[in-house]
Amino acid sequence: MVELVQRTTATIATRGRSLLNRDRVLGPLMLSPAVLYIILLVGFPFVFAIYLSLTDATVGRPVGEFVGLENFRQIIQTRSFRTALRNTFIFTFVSQTIILILANILSLALQRDFRGKGLVMFLILLPWVAPVSLTTIAWLWMFHSRFSLIDWFLNKLNLIEGNLFWLGRPDLAMIAIIVVHVWRMFPFATVILMAGHSALPRDVLESAMVDGAGFWRIFFQIRLPLLLPIMSVAVLFSTVFTFSDMTVVYVLTRGGPFDTTHVLSSAAYLRGIFGGNLSVGAATSLFLFPVLLIAAILILRIARRTEVT
Amino acid sequence: MAASTGALLRKAGLRTGHAALLSAFVVFTALPFAWMLITAFKRDSDLYNPNNNPLWFNEPPTLAHWDYVLNRTPFVQWLTNTALVGLAVIVITLLLAVPAAYALSRLLGSWGERLGIMIFLVYLVPPTLLFIPMARVISSLGLQNTLWSLIVVYPTITVPFSTWLLMGFFKSIPRDLEEAAMIDGCSRLGAMVRVVLPLVVPGIITVVIFSFTLSAQEFIYALTFVTSTAVKTVSVGVPQDMVRGDIFFWGPLMASAFTASVPVAILYYLVLDRFVQGFTTAGAFK
């Protein structure tokens, strides 16, 4: 009896071991914990967000009744939502344009080697590698109503007198938010572009130089076209990060003055978490989804196209 | 002769222009950090005098703000919380991402590559899309207002990106090595643990640092799930609880923001090249 048990456990063990040696068994086995985790904590909450947006659930009444698209219909009609939607697009579009220009200039300037380049790289990348909620506090202090460093400089240059009250005026507050977004994201776009520059075919650049092509000609006719795929990668990622961010707005203005600087995510936070209106908050957040989906599809398409060639 | 002097001048001019351009960029990126540091050592009477040059110590520097931060705020507690969350997130991330990346790059054939990029795209799902349903999930698990809420949720960001990064590392290791080990009698798992894992240590270090810095940087989930001062991480404690009402303690605020952000920045900077590689290969720009 004992012998039988020993023999069966032995065969089970060897069979188990040989099963584990089969890629088709071992592969899914090793992959499944990560996939399960993602399904449970990303997939499920996403479906749950859609469900919440179709009900009238609140924190006090977590199981709401089905109301169809009523939340979306109502949200679209509110002025605060339309402001938030408009701001989200303005912040993203304006900052991405500036980021693209700055990153192109800087990545080109960093092609040349010089002494202290490592330190310069570190200082330039600081905004991207430091925690954004903490560095935005430094900007809050830079834009202070009375002791703003920027105002002090402008006063010294005799451009203004007194204070500008950056975060107290809607137009300046919008500019301030864009400045911080650009400041944080352009170093990221720069390093991605630098990776692109260093992957350019040396021989093409050199033969163009030998043929007498000038700096600008090489830049516009050789570098720029070859860099386009990686440039779109940089812009797509940077767009996703800026579009969905609420940290900068939250720390800098909390949506103020007079709710003029809210973005979709901060508006969703205000209604859904702070105000406890789960359904309206979830519906507001979901307006982020179409743009994120488009960005993801574009990233996939770029990936596939470069794979073929 | 004249031509070469002209060329020399041109070259010198270009070099100066180049230096000026880079300096302008460095001032833009680093000025907020410089001002954090200066503010952190300035006396209040110096800080809040609009006639003073803000970038200069008009009165002798002081350590008062640092003393305040260390002894009269929960700053050290927040740092400890951040470290605890970071360590736990590292462990979970490694346990999930290492086997997944190995399976995707070695065992699942062409499906692996396709699934891999799908998993990478999960990294792009922003917290602001999911924070409201996630808050319900966290509270139904009974984790609201605990560090566990962050420990459970942060791997949803770190696992997808780490899996993708590690796939790149696994792919760079020749299959022959494992096959040789398997012929020598190692099982598949044995070959992976004994032969392959030691070779991807740089990748694992990248994942460790990435997971830790993410835990230290994340703001939105931390803001949503944790409300008590004692359980906050540093990225949400400093901006929320050191600003009381309309009175700003700029000295202590800058001292703590600088202390918490610069070490994280240095760590992140160390693995930045590999991190960027993750993005550029996602565009399959090889």
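When each of A:ALA130, A:ALA208, A:ALA138, A:ALA189 is tested for being among the small types (Gly, Ala, Ser), surrounded by 23 or more Cβ atoms within 10 Å (Cβ to Cβ) and more than 10 Å from chain B (Cβ to nearest Cβ), the lone residue that passes is A:ALA189. A single member of A:ILE124, A:ILE150 is within 13 Å of chain B (Cβ to nearest Cβ), touching a Pro at 6+ places or on another chain (Cβ under 7 Å) and under 22 Å from A:VAL248 (Cβ atoms), and it is A:ILE124.
In summary, helices (runs of 4 or more DSSP H) completely within the stretch A:144-216 and bearing 3 or more residues that are β-branched (Val, Ile, Thr) occur at A:170-198.
Annotation: A:HIS181 fulfils all but one of (1) away from chain B (no Cβ under 14 Å); (2) of a type outside the set (D, E, K, R); (3) surrounded by 15 or more Cβ atoms within 10 Å (Cβ to Cβ); the unmet one is (1). Residues of the stretch B:239-254 include at least one that is within 11 Å of chain A (Cβ to nearest Cβ), part of a helix (DSSP H, G or I) and in contact with a strand residue (DSSP E or B) (Cβ under 8 Å, 6 or more places away or on another chain).
Counting only helices (runs of 4 or more DSSP H) that fall entirely inside the stretch A:222-282 and contain at least 2 residues that are within 17 Å of B:VAL125 (Cβ to Cβ) and within 15 Å of the chain's Cα centre (by Cα), the qualifying elements are A:224-244, A:264-268. Pairing residues of the stretch A:38-54 that are over 15 Å from B:SER140 (Cβ atoms) and within 9 Å of chain B (Cβ to nearest Cβ) with residues that are outside any helix (DSSP H, G or I) and among the β-branched types (Val, Ile, Thr), at Cβ distances under 8 Å and at least 6 apart in sequence or on separate chains, gives A:VAL42/B:VAL125; A:PHE46/B:VAL125. As for the stretch B:41-56, it holds at least one residue that is part of a helix (DSSP H, G or I), farther than 30 Å from B:VAL231 by Cβ and aliphatic (A, V, I, L, M).
Of the residues making up the stretch A:52-96, those that are among the small types (Gly, Ala, Ser), under 17 Å from A:LEU286 (Cβ atoms) and loosely packed, with under 14 Cβ neighbours inside 10 Å number 1. One residue stands out in the stretch A:225-247 among those that are more than 10 Å from every other protein chain (Cβ to nearest Cβ) and without any contact (Cβ under 8 Å) to a residue 24 or more places away in the chain: the one that is surrounded by the most Cβ atoms within 10 Å (Cβ to Cβ), namely A:LEU228. Scan the stretch B:67-89 and give yes if some residue there is within 11 Å of chain A (Cβ to nearest Cβ), out of contact with any Gly (no Cβ under 8 Å at 6 or more places or on another chain), of a type in the set (Val, Ile, Thr) and within 28 Å of B:THR213 (Cβ to Cβ), otherwise no. Yes: the stretch B:67-89 contains one or more residues that are within 11 Å of chain A (Cβ to nearest Cβ), out of contact with any Gly (no Cβ under 8 Å at 6 or more places or on another chain), of a type in the set (Val, Ile, Thr) and within 28 Å of B:THR213 (Cβ to Cβ).
Here, each number is a calculation from the coordinates, and none is a lab measurement. These numbers come from a predicted model, not from an experiment. Methodologically, a virtual Cβ is constructed for each residue, glycine included, from the backbone with ideal geometry; neighbour enumeration extends over all protein chains shown.
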